[in-house]
Amino acid sequence: MKHWITLNEPWSYSNNGYAVGIFAPGRCSKWLDSTCLGGDSGTEPYIASHYQLLAHAAAVDLYKKKFKVDLAFMRTFKSSYFVGFAHCCEGSSTQI
């Protein structure tokens, strides 16, 4: 394998788990949602993201030292890019 992904959609985990509270561990500020289990939506998502970056760096470092190969490591990010249906196959004979 030439490409590895260490973390999948870290923004979704940080934001939805520590700011909005809809993913585990369900933390957010009381001013955002009175049913939250506690937390601080203003700081905890940043702390979670910080530790995700550290984990990504540690995984890349360990793998490169242990296996001594040059691989491409990346993190995936939330993408909101969409191609409109009407324009997806313009100039093509492909049918959807």
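The values are calculated or read from the model by the stated rules, or taken from the named source; none is laboratory data. These numbers were taken from a predicted model, which means no experiment stands behind them. FYI the Cβ positions are ideal-geometry reconstructions off the backbone, even for glycines, and counts take in every protein chain you see.
Side notes on the structure shown:
- Exactly one residue out of Ser49, Ser93 is small (Gly, Ala, Ser), exposed (fewer than 12 other Cβ atoms within 10 Å of the Cβ) and either in a loop (DSSP other than H, G, I, E, B) or modelled with pLDDT of 70 or more (or both), and it is Ser93.
- Criterion violated by Ala19 - all others in (1) within 19 Å of Val60 (Cβ to Cβ); (2) crowded, with 17+ Cβ neighbours inside 10 Å satisfied: (1)
- Scanning the range 8-38 for residues that are part of a helix (DSSP H, G or I) and either among the hydroxyl-bearing types (Ser, Thr, Tyr) or out of contact with any helix residue (DSSP H, G or I) (no Cβ under 6 Å at 6 or more places or on another chain) (or both) yields Trp11, Ser12, Tyr13, Ser14, Asn16, Gly17, Tyr18.
Residues are listed down the side, and each one gets a yes or a no for (1) of a type outside the set (A, V, I, L, M); (2) at positive phi:
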{"site": "Tyr13", "(1), (2)": "yes, no"}
{"site": "Gly17", "(1), (2)": "yes, no"}
{"site": "Arg27", "(1), (2)": "yes, no"}
{"site": "Leu32", "(1), (2)": "no, no"}
{"site": "Gly38", "(1), (2)": "yes, yes"}
{"site": "Ser41", "(1), (2)": "yes, no"}
{"site": "Tyr46", "(1), (2)": "yes, no"}
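- Selection within the range 38-62: residues that are touching a residue at least 24 places away in the same chain (Cβ under 8 Å) and touching a Phe, Trp or Tyr at 6+ places or on another chain (Cβ under 7 Å). The member of this set that is farthest from Trp4 (Cα to Cα) is Glu44.
- Matching residues in the range 11-29 - criterion: being among the aromatic types (Phe, Trp, Tyr) and out of contact with any Asp or Glu (no Cβ under 9 Å at 6 or more places or on another chain): Trp11, Tyr13, Phe23
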